[in-house]
Amino acid sequence: MTPSTSIIETMKSIDENSSQFAIVIDENFKLLGTVTDGDVRRGILKGIPLEEPVTLIMNKTPIVIQKDRSRKELRRLFVEKKLRHIPVVNQNGQVIDICSSEQFFDSNGLENWVVLMAGGLGTRLRPLTETIPKPMLTVGSKPILQTILESFIEFGFHQFYYSVNYKKELIKDFFGNGLEWGVSIEYLEENQKLGTAGALSLFQEKPTKPIIVMNGDILTKVNFQQLLEFHEETNSVATMCVREFHYQVPYGVVKMEGTTLYSIEEKPTESYFVNAGIYVLNPEALDFIPDGQYFDMPSLFEKLMKQKLITSVFPIREYWLDIGKRNDFEKANIEYSGVFE
């Protein structure tokens with residue numbers, strides 16, 4: 001990347017190359033900065049337009065190494081700084097190589113648990129959900145829950161928990177123990193509604209690594225590996241995925257000072273970041289969930305924030321659709337082949 005490369009061009013490069021990492025250099029190959037997916041998403045949260053140059057979001061003081069560093073020193077650096085890539089430069093600051101953590105650590109498969117919330121009644125989608133739970137509705141060529149499962153498998157996840165309640169036997173009969181997909185699937189069976197966080201109190205044992213929790217009615221192309229890296233990079237106890245929501249006010253909005261009118265904006269569009277129903281939780285976050293009580297995920301985040309623990313937001317820039325209503329279901333079927341096949 002050059003200093004004039006746009007953020008959106010850099011973003012595409014990061015998504016397309018296997019390293020998920022970009023460097024910015026001048027005409028003499030001197031390192032100016034580095035860019036990760038996390039840098040891009042932080043830029044989005046700040047409202048920086050994607051057409052702006054990458055220099056606005058790049059890390060201008062990245063950690064670099066000389067070629068003669070020992071493997072022991074490099075391994076320690078990757079662990080302490082929680083890095084995946086480190087540019088290798090010569091004495092003139094010119095990039096001569098990029099060192100990857102994969103050279104030092106086994107990256108086959110991710111041990112993080114994935115919890116898919118599949119116990120809802122799907123009331124707003126009736127009569128479609130009178131005989132079948134919402135996550136089992138067919139979108140495209142397969143149930144929503146199967147598409148979600150296979151999306152996680154693509155990123156190397158293999159340990160899954162399904163939180164089930166309404167018509168749970170249909171889900172359990174279809175997925176079984178996950179053997180057909182080469183993964184492990186276990187079930188958190190709710191005898192009463194426990195909410196998106198309360199169901200996690202049903203674990204028989206506590207996880208040892210951060211877990212991903214996702215609503216079972218969402219279709220998305222989020223890079224779940226990037227999500228985990230962002231969570232760890234920010235040293236968060238809990239991370240909430242958010243997406244940008246635009247709302248056009250159907251009236252002219254007036255601004256005033258006292259009784260004096262000083263502007264009128266006709267039908268302005270307001271933008272907000274809203275909860276996207278995907279979360280990452282450290283094992284210690286589960287200690288704040290009451291046993292056997294209804295408890296939703298926003299309440300857990302509020303509890304963590306009151307304790308002054310680090311919570312963060314991860315902006316989704318990929319495809320995302322919550323299948324909550326009939327028109328969402330119809331939209332999903334129209335868009336499915338172009339996104340997932």
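Annotation: PHE152 fulfils all but one of (1) over 30 Å from LYS331 (Cβ atoms); (2) buried (at least 16 other Cβ atoms within 10 Å of the Cβ); the unmet one is (1). Only one entry in THR138, THR147, THR131 is among the β-branched types (Val, Ile, Thr) and within 23 Å of the chain's Cα centre (by Cα), namely THR147.
Residues that are assigned to a helix (DSSP H, G or I) and crowded, with 16+ Cβ neighbours inside 10 Å within region 158-171 comprise LYS168, LEU170, ILE171, listed in sequence order.
Could you tell me whether any residue of region 270-277 is in contact with a Ser or Thr (Cβ under 7 Å, 6 or more places away or on another chain), within 30 Å of LYS206 (Cβ to Cβ) and of a type in the set (A, V, I, L, M)?
no
Under the condition of being outside any helix (DSSP H, G or I) and at pLDDT 90 or above, the residues counted in region 1-22 number 6. For region 74-86, residues that are of a type in the set (Val, Ile, Thr) and not in a helix (DSSP H, G or I) total 1. Filtered by the rule that a residue be within 21 Å of LYS221 (Cβ to Cβ) and surrounded by 18 or more Cβ atoms within 10 Å (Cβ to Cβ), region 1-19 gives ILE7, THR10, MET11, ILE14.
Residues checked against (1) at pLDDT below 90; (2) more than 16 Å from GLY324 (Cβ to Cβ); (3) assigned to a strand (DSSP E or B):
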position	(1), (2), (3)
ILE96	yes, yes, yes
VAL115	no, yes, yes
LEU121	yes, no, no
GLN146	no, yes, no
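Taking each residue of region 140-152 that is free of Cβ contacts under 8 Å to residues at least 40 places away in the same chain and looking for partners that are basic (Lys, Arg) with beta-carbon atoms closer than 9 Å, six or more apart or interchain, yields GLU150/LYS142. The residue of region 174-196 that is nearest to TYR279 (Cα to Cα), among those that are assigned to a helix (DSSP H, G or I) and modelled with pLDDT of 95 or more, is PHE175. Residues in region 270-311 that are within 18 Å of the chain's Cα centre (by Cα), modelled with pLDDT under 95 and at positive phi: none. Within region 160-194, the set of residues being in contact (Cβ under 8 Å) with a residue 40 or more places away in the chain and either farther than 16 Å from PRO133 by Cα or outside the structural domain of ASP296 (by TED's automatic domain parsing) (or both) comprises PHE160, TYR161, LEU194.
Taking the conditions exactly as written (under 18 Å from LYS82 (Cα atoms), in contact with a strand residue (DSSP E or B) (Cβ under 9 Å, 6 or more places away or on another chain) and not β-branched (Val, Ile, Thr)), does LYS60 satisfy them or not? Criteria met by LYS60. If the condition is being among the hydrophobic types (A, V, I, L, M, F, W, C), in a helix (DSSP H, G or I) and surrounded by fewer than 18 Cβ atoms within 10 Å (Cβ to Cβ), then region 31-73 contributes LEU45, LEU56.
The values are calculated or read from the model by the stated rules, or taken from the named source; none is laboratory data. Nothing here was measured: the structure is a model prediction, and the numbers come from that model. Using ideal geometry, Cβ is built from the backbone for each residue, glycine included, and neighbour counts are taken over all protein chains shown.
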